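**Student:** Sharing a structure here in structure tokens format.
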Amino acid sequence: MSAPVHKAPLLSVREALDFLLEAARPVEQVETVPTLEANGRVLAADQLATIDVPSADNTQMDGYAVRAEDCASGSATLKVSQRIPAGSVGHELEPGTAARIFTGALIPPGADAVVMQEQAEAVGDSVTIHHAPRAGEWIRRKGEDIGAGAVILPAGSRLRSQELGLAASVGLARLPVRRRLKVAVFFTGDELTMPGDVPADGLKPGAIYNSNRFTLRGLLENFGCEICDYGIVPDSLEATRATLVEAAKQNDLIITSGGVSVGEEDHIKPAVEAEGRLSMWQIAVKPGKPLAFGEVRREGGSAFFLGLPGNPVSSFVTFLLFVRPFLLRLQGVTGQVEPQGYTVRADFELPKGDRRNEFLRVRLNAAGGLDLFPNQGSGVLTSTVWGDGLVDNPAGNRIAAGDLVRFIPFAELQH
């Protein structure tokens, strides 16, 4: 009798994520781009404030700049000596006078408070102040937001609209960023057909539309990747190896969909092992157990490889859980790359937990709880459109209505 084959234990989700993030090598090349064009890019160096923000004391609102001591009575009538709109510079405020001032305008020398216009009554060239302001009231102080020379954006930050606005607020017209990640994709399966390529009499028996090509490309575009799409590759070891070799030449990462199981027509594993190495194979996750990770050789180095399952929901979920954080690390993001989870009430029951860590498609309801999509099959792509996110359900865990669960919104996973 032959000796029994002992399978390696499946990696947990935590173990697989740690392995991927430890292996990630950020791209090294840096380019300088206009701040207006830096959305979604990753900073390559700390950015320092070139000025104080605000650059000078200014008013937070429309009203009257005064000396607080002149208004101590709570009902003082002062002569309006000047008018200061935003962008103008006033002259020194004389005792016993007030300056009409507008939001953002510089505080004139001599003034130490601003009284909002709702607390004042103007008559002719005078104003009665119905308030006893304290010194500093409604004044934004020079440098109270940002001090010149302070680090406002650290290296490794992924730039969003608010980071771009902050950079612009201190006069940074250009930013050093890591170059865009180059990602090759291809899809295996002789059953795959592209929309638009079907004869008039419809799909041939056994054929399916290649939805994963659209899903994965859309996800990669969300992360600002440069995509090299090799399309559908024939189900043969030779074709798979040839495409891997070509894809590795100019790309940082190769992502495939399909062909990562252990059937006779699944050629990804032997192809990668022939042209490089596999470091990770199967994960205790549902959907998406077969997830391959390794590298493909090229002259002078290698390209990373990630092989996703062919079932559309499995491909989608494994991208969100594993490819996304890996991509962010490759792009140079140094902070948190794993999604934020939230504790939310389950308004459904799961009588029996799976032996794997399961990610359930759910939707928020009007009562603030979560509803479960009735069919959690790995081919039911409608569940990803219907749902608002995933419930991270540990292996073997049963869920009763009213239990608190970990909810990860799709909004947290697609940017």
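The values are calculated or read from the model by the stated rules, or taken from the named source; none is laboratory data. All of these numbers come straight from a predicted model, not from anything done at the bench. With ideal geometry, Cβ positions are generated from the backbone for all residues, glycine too; neighbour counts draw on all protein chains shown. Note: accessible area is taken over every heavy atom of the protein model, side chains too, but ligands, DNA and RNA are not part of it. Shrake-Rupley method; radii C 1.70, N 1.55, O 1.52, S 1.80 Å.
**Student:** For Cα extents along the principal axes in Å, several values are listed as (1) 63, 60, 55; (2) 105, 55, 51; (3) 82, 49, 37; flag the one computed from this structure.
**Tutor:** (2)
**Student:** Then there is this: Could you go through region 359-369 in sequence order and give the Karplus-derived ³J(HN,Hα) for each residue, using 6.51 cos²θ - 1.76 cosθ + 1.60 with θ = phi - 60°, rounded to whole Hz, and x for Gly and Pro?
**Tutor:** These are the phi-based 3J(HN,Hα) values: 10, 8, 7, 9, 9, 5, 10, 5, 8, x, x Hz.
**Student:** Suppose R0 equals 30 Å. What FRET efficiency, 1/(1 + (r/R0)^6) with r the Cβ-Cβ distance, do residue 403 and residue 14 give to the nearest 0.05? Before the final figure, lay out the partial values.
**Tutor:** Working: r = 22 Å, r/R0 = 0.72.
The calculated FRET efficiency here is 0.90.
**Student:** With θ taken as phi - 60° and the coefficients 6.51, -1.76 and 1.60, list the Karplus ³J(HN,Hα) couplings across region 98-108 in order, rounded to whole Hz; mark glycine and proline as x.
**Tutor:** Coupling constants for region 98-108: 10, 10, 5, 9, 10, 3, x, 6, 6, 6, x Hz.
**Student:** In nm, to one decimal, how far is the modelled label at residue 221 from the one at residue 39, with both set 7 Å along Cα→Cβ?
**Tutor:** Between residue 221 and residue 39, the simple spin-label model gives 1.4 nm.
**Student:** Relative contact order (percent) for region 1-132, with alpha-carbon contacts under 8 angstrom and 6 or more residues of separation?
**Tutor:** 25
**Student:** Enumerate the amide H contacts of residue 310 below 5 Å, restricted to partners 5 or more residues apart or on another chain; note that Pro and chain-start residues carry no placed amide H.
**Tutor:** 258, 259, 260
**Student:** How much accessible area per residue does region 293-385 have, in Å², with a 1.4 Å probe?
**Tutor:** 40
**Student:** Using θ = phi - 60° and the Karplus relation 6.51 cos²θ - 1.76 cosθ + 1.60, list the HN-Hα couplings for region 370-387 in order, rounded to whole Hz, with x at every Gly or Pro.
**Tutor:** Taking θ as phi minus 60°, the curve returns 10, 9, 9, 5, x, 10, 9, x, 6, x, 8, 5, 4, 5, 6, 7, 5, x Hz for region 370-387.
**Student:** Further question on the same structure: Would you compute, from DSSP H runs of 4+ residues alone, the mean residue ellipticity of the chain at 222 nm, taking -39500 (n - 2.57) per run and dividing by the full residue count, rounded to the nearest 500?
**Tutor:** When only DSSP H runs of four or more count, the value is -5000 deg cm²/dmol.
**Student:** If I model a spin label at residue 250 and residue 229 as a point 7 Å from the Cα along the Cα→Cβ vector, what separation in nanometres do I get?
**Tutor:** According to this spin-label approximation, the distance is 1.6 nm.
**Student:** Using only alpha carbon pairs under 8 Å that are at least six residues apart, calculate the relative contact order of the chain and give it in whole percent.
**Tutor:** That works out to 15 percent.
**Student:** Still on this structure: Where the accessible area of the chain is counted over protein heavy atoms with a 1.4 Å probe, how much of it, in %, is carbon and sulfur?
**Tutor:** Numbers: 10070 of 19850 Å².
Whole-percent figure for carbon plus sulfur exposure: 51.
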